[in-house]
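Student: Input: one structure, supplied below.
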Amino acid sequence: MTATTARPVLIRSDKLLLGGAAALIVLAGLANYGGWASGLGFVLSAAAMSVLAALVGLSVEQLGDRFGPGATGVLQSALGNLPELFICIFALKAGLVEVVQAALIGSILANLLLVLGLAFLVGGLKHGTQKLGSERARTIVVLMMLSVTAMAIPSLTYHLHTPAETHEKTFSLIVSVILLGLFALSLPFSLRRDRSDTAPPPHEKEEPRWPIGMAVGVLAVAAVAAAFVSDWFVTALEPAMDAAGISEAFAGLVIVAIAGNAIENVVGIQLAAKGESEYAFSVVLNSPIQIALVLAPLLVILSQVFGLATLTLVFSPLLVVVLVLAVMLAAMIALDGESTWLEGATLVALYAIIATAFWWG
Amino acid sequence: MTATTARPVLIRSDKLLLGGAAALIVLAGLANYGGWASGLGFVLSAAAMSVLAALVGLSVEQLGDRFGPGATGVLQSALGNLPELFICIFALKAGLVEVVQAALIGSILANLLLVLGLAFLVGGLKHGTQKLGSERARTIVVLMMLSVTAMAIPSLTYHLHTPAETHEKTFSLIVSVILLGLFALSLPFSLRRDRSDTAPPPHEKEEPRWPIGMAVGVLAVAAVAAAFVSDWFVTALEPAMDAAGISEAFAGLVIVAIAGNAIENVVGIQLAAKGESEYAFSVVLNSPIQIALVLAPLLVILSQVFGLATLTLVFSPLLVVVLVLAVMLAAMIALDGESTWLEGATLVALYAIIATAFWWG
Amino acid sequence: MTATTARPVLIRSDKLLLGGAAALIVLAGLANYGGWASGLGFVLSAAAMSVLAALVGLSVEQLGDRFGPGATGVLQSALGNLPELFICIFALKAGLVEVVQAALIGSILANLLLVLGLAFLVGGLKHGTQKLGSERARTIVVLMMLSVTAMAIPSLTYHLHTPAETHEKTFSLIVSVILLGLFALSLPFSLRRDRSDTAPPPHEKEEPRWPIGMAVGVLAVAAVAAAFVSDWFVTALEPAMDAAGISEAFAGLVIVAIAGNAIENVVGIQLAAKGESEYAFSVVLNSPIQIALVLAPLLVILSQVFGLATLTLVFSPLLVVVLVLAVMLAAMIALDGESTWLEGATLVALYAIIATAFWWG
């Protein structure tokens, strides 16, 4: 808007990211089609996934800056989970239902315990006690709590042996439709988003550098590439799990969950390191909302529409219980209004304990 | 107290209410004794119950205004649940234990999720973000949380297969006596109630219009009528359930719970629509306290004293789990200090999901 | 530091405590070796334990005042639970695993419900609504919540029949090591403790009266005596339980838990009576943190290292559920920021209901 000096379309970090993505995709493809060792293929495709996730994020940002912060948020909601969506679809195609279920819950746990804990730890050690709790952050916490609880009801219904037990599929579908409806309702709320408390502070605000065509083009290419790489990732996952003796639950809960959210996680921790605790908190808590309101219900519906291995919202009992506990704890920490590095360390320890519980196959 | 111009004893809305009540009671009576279709009888007696509840509320208000807001609150606590008490007694007499248990929990859930959600939704859409959280509202939240948890302990004890499992009746009686004792203790707290944060703001305050004799008379007649209509309601409930293929749990959780609290519910939502979010919140949260501290324990004791179908505080596992979750969520939303229409929509969606879980018989 | 008039080394209450401790230890010893009635021996050794706990507390205080409030806190963390540690070790030696497990959870419940409730009740009745919620108190609440939840994970893992079920011992050991690690991490936090909000207000601050040698000496003698008396207490416990028809769970949850924390409990309630609600709250909430981060994990490790009856962190289902509920309730009451006597009464009632649930063997 204001007259600025001409800025380059591609800055150094952009070039690095584009180049790295291209290189990793080629290597991961070679590993997949060339029959390289599954461990190596797995690591390469995981790395390619992470870089692609970063690329999607960057092009959405370049695109969204033209339409205001609200639109960017909505685009991010819609596209940010694209890589995870692809991984889950291919995993369902391969019949790895338990991996997908554990990955969905694991993404939420990783955000609420591991990433939040690391953000508190890093932020607290560098900047002392951090303030949380702007009004908007509190609204996000409440929405997160409510949407995750709603997602947990089919599991409770099933494991507590109610008559609805035998209607697992139908009930999961109904709940999925309601959750997607809530997501649709939340769009105007997100679009009216006030930049001041959920976006990076003004001094970090940048004008879009990429022309629209380039942003759309990169996004399209990255999305298509993400679909391919997801396939290779899932193909390499099974032999890697067998080789390392890892259970399906642990692979989903820890490995897929962390690989699928790698970039978002790093962003949250970086923001905390810069002292932007409020913004870090928003980023970290927004992800569980998207998983509960979009990713999980979408996968349930897609699995039944496209005849993949049937995914329902009936998760294993321990997954549901730790999910509800983690949500309650995160909510109370948020309502507390402050964070210290010791709270961060305790959150990380709690994550480690829960991950250990799923180690044994 | 101040010199006012003469005001009429009966204003237009009073006449309408008294006339409507009389007409509905006569129709419901005809339906019951005349062998009308059970569906029609059920609807008529439900409507008559609602109008009688409103009448009890109005006469208590006219009576209570003479003794100050504290006394009104106590009278409302004591008499406001009268219609629900009658329905539950007749349902126990008819052996519908599951209906009664589901109705007790359902009343709490309907208040904490459906009514609170609608109040947030309506208030938020009309007035933007609403403030909650006066000191008194917070005390009510804590009491609600503690009393509902206390009521849930016998169920936990039973379903977790402790040795106390075989002492279900005795344990429920002991807990009921403790809960009633807590209610007695809370009376001085309620009597010292400060009008400013739990009663309608001054501009809505009205002088009592009815002479004492009329208020007492209407109250007595309405109470007796409520007893009769409750009987007819329960009589019509069973064939209506069968005809519509509704399970006992769903009938209690949704239909009886909503019909028995219809007026209170409407009042809470109306207050929110007027922007009186604090007062609406108090009204909505007060009802679960009364159910946990008075209605449920009283019914347990009455069922054993009068040899009705034995009611204990051992509810079905899903009822207890959703109860504890709903209470925690409502408490955290209250401590959050604000409400938005989106939170309201999410609460309503959560209620819909829980109700669906009980749909299948 | 400032020039004060010479103060006596031993004031009247010190003499009383030392004399009382000596007398009670002798009597308890006679009861144990002289074969007195087990009920009398039990009461005498319980009384001796309580007085020894007070003595340990006093000598730690006299010692700690030389090194600042932080060091006192750490010393109290390390030594304050010494009597309870001894009792649990002897109980494990006697094979009373269920008593030890119930005592660990019971200590937390007694603090969070009974003692907190009595503190609110006494403080509220004497001083009206009490304020809580300094920043430090909130941090303690969050730590308490997180550490207790971490301690609960092995039980959840076991009772929800996950594959980790068969690795009960290993998993409990891993969790114990992590919890002790968290305790070590929390030491710098405790050492930097700001006197202003966790220590008694200045007018109660006293200069150390005892010479260092005496403080160390009393501490050493009290610790050795505590070991002996713990042995006698446990020896008398079993026949006393049989005679009174009390279950292992109830004996641990109520009797051992209250006897082992008698002094701390009295201190918390006394502080509330003086109107020091913030400090009372800190004292009461600190104890569950120590149990979860030190006492429980230490006992798990010791039981396996020294070949006592194996203690794991797998508690009975009802113990775990009421533990998690109590922690959530206490946390929300703390975040609420205020307490009233009615909340106190409700907490006490909730404790009574839970204790009753464990009454039946």
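The values are calculated or read from the model by the stated rules, or taken from the named source; none is laboratory data. Quick caveat, the model's predicted, so the values are computed rather than measured. No Cβ is skipped: glycine too gets one built from the backbone with ideal geometry, and neighbour counts run over all protein chains shown. The accessibility values were calculated without ligands, DNA or RNA, using every heavy atom of the protein model including side chains. Shrake-Rupley method; radii C 1.70, N 1.55, O 1.52, S 1.80 Å.
Student: Which order, highest average first, do B:83-94, B:230-241 follow once you tally other Cβ atoms within 10 Å for each residue and take the mean per peptide?
Tutor: Packing proxy ranking, top to bottom: B:83-94, B:230-241.
Student: So, one more: State whether region C:234-284 is rounded, prolate or oblate according to the following rule on the C-alpha gyration tensor (a ≥ b ≥ c being the square roots of its eigenvalues): a/c under 1.5 gives rounded; otherwise a/b larger than b/c gives prolate, and the remaining case gives oblate.
Tutor: prolate
Student: Can you give the mean number of other chain Cβ atoms that lie within 10 Å of the Cβ atoms in peptide A:327-339?
Tutor: 6
Student: Report the gain in length on full extension from A:T170 to A:A244: 0.36 nm times residue separation, minus Cα-Cα distance, nm rounded to one decimal.
Tutor: Taking 0.36 nm per residue and subtracting the Cα distance, the gain is 23.0 nm.
Student: On a 32 Å Cα-Cα criterion, which of the cross-link pairs B:K169/C:K126; B:K169/C:K131; A:K15/A:K274; B:K131/C:K131; C:K15/C:K126; A:K131/B:K131 come out too long?
Tutor: Listed pairs above 32 Å: B:K169/C:K126; B:K169/C:K131.
Student: Here's something else I'd like to know. Give me Rg/Rg_expected for chain B, where Rg uses Cα atoms only and Rg_expected = 2.2 N^0.38 Å with N residues.
Tutor: 0.97
Student: Hey, another quick one. What number results when the radius of gyration of region A:206-255, computed over Cα atoms, is divided by 2.2 N^0.38 Å?
Tutor: Dividing the Cα radius of gyration by 2.2 N^0.38 Å gives 1.76.
Student: Per residue of B:137-147, what is the mean number of Cβ atoms on other protein chains within 10 angstrom of that residue's Cβ?
Tutor: 5
Student: Suppose each label sits 7 Å from its Cα in the direction of the beta carbon; what would the A:T129-A:K15 distance come out to in nanometres?
Tutor: So the label points at A:T129 and A:K15 sit 4.7 nm apart.
Student: Using only alpha carbon pairs under 8 Å that are at least six residues apart, calculate the relative contact order of chain A and give it in whole percent.
Tutor: 38
Student: With all protein chains present, how much of the accessible area of the protein assembly as shown (probe radius 1.4 Å) comes from carbon and sulfur, to the nearest whole percent?
Tutor: 68
Student: With the cut-off at 1.5 for a/c, could you classify region C:322-361 from its C-alpha gyration tensor as rounded, prolate or oblate?
Tutor: oblate
Student: Follow-up question, since we're still on this one. Write down the Å³ per residue value for the convex hull defined by the alpha carbon atoms of region B:251-361.
Tutor: In region B:251-361, the Cα hull volume divided by residue count equals 118 Å³.
Student: Taking θ = phi - 60°, what integer Hz values does the Karplus form 6.51 cos²θ - 1.76 cosθ + 1.60 yield along region C:103-119, in sequence order, with x for Gly and Pro?
Tutor: So the Karplus estimates, Gly and Pro as x, are 5, 4, 5, x, 5, 5, 4, 4, 5, 6, 10, 5, 5, 4, x, 5, 4 Hz.
Student: Please report, for B:Y33, the nm distances (one decimal) from its label point, 7 Å out from Cα along the beta-carbon direction, to the equivalent points in the remaining copies, shortest first.
Tutor: Reported distances to equivalent positions: 8.8, 8.9 nm.
Student: Can you list, largest first and rounded to whole Å, the semi-axes you get for the protein assembly as shown by taking the square root of 5 times each eigenvalue of its Cα gyration tensor?
Tutor: Listed largest to smallest, the semi-axes of the protein assembly as shown are 45, 45, 29 Å.
Student: In nm, to one decimal, how far is the modelled label at C:V305 from the one at C:R66, with both set 7 Å along Cα→Cβ?
Tutor: The two pseudo-label positions are separated by 2.8 nm.
Student: Could you compute how much accessible area chains C and B hide from each other, both sides summed, with a 1.4 Å probe? Nearest 100 Å² is fine.
Tutor: Summed over both sides, the interface buries about 2900 Å².
Student: Something else about it: Taking +1 at the Cβ of each Lys and Arg and -1 at the Cβ of each Asp and Glu, which of C:A334, C:W36, C:L114 sits farthest along the dipole of the protein assembly as shown towards its positive end, judged by Cα position relative to the Cα centre?
Tutor: Result: C:A334.
Student: Sticking with this structure for a sec: For peptide A:177-189, compute the average count of partner chain beta-carbon atoms within 10 Å of each residue's beta-carbon.
Tutor: Average per residue, whole number: 3.
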